[in-house]
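Worksheet: one structure, shown below.
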Amino acid sequence: IPVRGNVYSCNEAHSVGWTPPLRTYLEGLKTGDNAFRQQYALRYVGSMVGDIHRTLRYGGIFFYPADAYSHPNGHLQLLYKCAPMSFIID
């Protein structure tokens, strides 16, 4: 996995329910107003395992945060999301 890339992957449809610091971070990725002064491009398919595989292979950022409306405690499922993701990363 490269140290740094220029893509990020997340479901922005839920961003209205994210915390203000996370929304600020996302805006910094899109505009280049971040520590690396680099704009990032969104790459999102909707399949967590596929998104992680592609995004991390290019040194990108993947995040799957909780949101205040539909999943306030997060939504990672062991069988369908966490276990396959760990297999790919390992």
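Given the structure, is LEU79 open to solvent by less than 70 Å² (accessible area, probe 1.4 Å) and either farther than 14 Å from CYS10 by Cβ or free of Cβ contacts under 8 Å to residues at least 60 places away in the same chain (or both)?
no
I'd like the residue in the range 67-76 that is in contact (Cβ under 8 Å) with a residue 12 or more places away in the chain and surrounded by 12 or more Cβ atoms within 10 Å (Cβ to Cβ) and, out of all such residues, is farthest from LEU26 (Cα to Cα).
LEU76
Residue under question is ARG54, and the condition is that it be surrounded by 14 or more Cβ atoms within 10 Å (Cβ to Cβ), closer than 17 Å to ILE88 by Cα and of a type in the set (D, E, K, R); does it hold?
It is true that ARG54 is surrounded by 14 or more Cβ atoms within 10 Å (Cβ to Cβ), closer than 17 Å to ILE88 by Cα and of a type in the set (D, E, K, R).
Of everything in the range 2-45 that's farther than 13 Å from ILE61 by Cα and charged (D, E, K, R), which residue is least open to solvent (accessible area, probe 1.4 Å)?
Selected residue: GLU12.
Working only within the range 1-57, note down all residues that are out of contact with any helix residue (DSSP H, G or I) (no Cβ under 9 Å at 6 or more places or on another chain), of a type in the set (A, V, I, L, M, F, W, C) and in a loop (DSSP other than H, G, I, E, B).
Once the filter is applied, which keeps residues that are out of contact with any helix residue (DSSP H, G or I) (no Cβ under 9 Å at 6 or more places or on another chain), of a type in the set (A, V, I, L, M, F, W, C) and in a loop (DSSP other than H, G, I, E, B), the range 1-57 yields VAL3, PHE36.
The values are calculated or read from the model by the stated rules, or taken from the named source; none is laboratory data. The structure presented is a predicted model; accordingly, all values stated were derived computationally and were not measured. So basically every Cβ, Gly included, is an ideal-geometry build from the backbone, and we count neighbours across all protein chains shown. Ligands, DNA and RNA are excluded from the accessible area calculation, which covers all protein heavy atoms including side chains. Shrake-Rupley method; radii C 1.70, N 1.55, O 1.52, S 1.80 Å.
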